[in-house]
């Protein structure tokens, strides 16, 4: 049985703050991470799609991953976003993330292998074009398989609207022992519905893929156990022994065992392929469709408001969950539509360091900022 980490609850995709001169503002990033660590979020996604990962150099990427790992609370799951087009570059950053005790890496479709626009027309394409498209699909699958085969950390897939992983490809990848799950930013369901799966053989493959079990460590309360939690216990200093002679001036004393550092009590839990929904406007629908947790970009600006959707759903309060979903829907849709600049401005409104995005991304215009301010009233965190 493969191992991994439990992906449930809210996972916050962080933004990357920049200084006035355009450099990465590492102190602001550390402050954001420390504050997010005080929220009820289960995990943090560093350099996910909303972190502008493709605009950072390799050195900046390493600085961000290192800074975030040192600032995060040990109980928070850490996913390292690695947006690179070559397998070699991805694996080099995966090694770096492993050295800094990340729990998994987040890997998306390489830019030259994007299939989302082609998937819509692949069945209608001429035979010759269809062959080229299928070859490209196979290259995409080879990319993910090779990364998963060689990565020192478990892999979480990223399927974004502009770089979506095909449904058939997802089924193949879901059965890989080192691929834990998926962060889906698609506006479709987090996983293909039975109504959309017409072929009996495909349906059977889907069931088998999701039933591939991974063994994860959890606490006695069934919360995820992170790599850094284990390390903190292992590296705790042993209690110093005090000699009897130093206390009494005599070699004779009553022996008492030294105080021991409490051990981390864990148990194991078997989970299948796990799904986090990243679409802010349909978090509740994704949870109802079988997602294990949520990872909306808007959570960087309003983590508490997003968490309340998951909490109400987890408690089985459908009416409250729908109310909480409606509460963020307009603001999240506007922030998402404005790109990194809009999301960062929303972060500024709630006291997180957002700032300006990197070019070619642009900050929101005055009217857009005013609209976002109005929609975010009452979402203070």
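Quick note: the coordinates plus some simple rules give every number you see, no bench work behind them. Keep in mind the model is a prediction, meaning the values are calculated, not measured. Note that we place each Cβ from the backbone using ideal geometry, even for glycine, and neighbour counts take in every protein chain shown.
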Review point. For region 282-381, what's the relative contact order in percent, using C-alpha pairs closer than 8 Å and at least 6 residues apart?
Key: 25
Practice item. Could you pull the Rg and Dmax for region 1-48, using just the Cα atoms, both in Å? Key: 13.7, 49
Study note, to complete from the structure: The relative contact order of region 1-57, taking Cα pairs under 8 Å that sit 6 or more residues apart, comes to a percentage of 48
**Study point:** Rounded to 5, the percent of DSSP beta bridges in region 1-92 classed as antiparallel
**Key:** 10
Review point. In which sequence would 70, 176 go, from the one with the fewest C-beta neighbours within 10 Å to the one with the most?
Key: 70, 176
Exercise for review: Taking just the C-alpha trace of region 5-90, give me its Rg and Dmax in Å.
Suggested key: 12.7, 39
Review point. In nm, what is the difference between 0.36 nm times the number of residues separating residue 365 and residue 215 and their Cα-Cα distance?
Key: 49.2 nm
Check your understanding: Looking at the P(r) of region 261-381, how many percent of alpha-carbon pairs lie beyond 24 Å?
Key -> 35
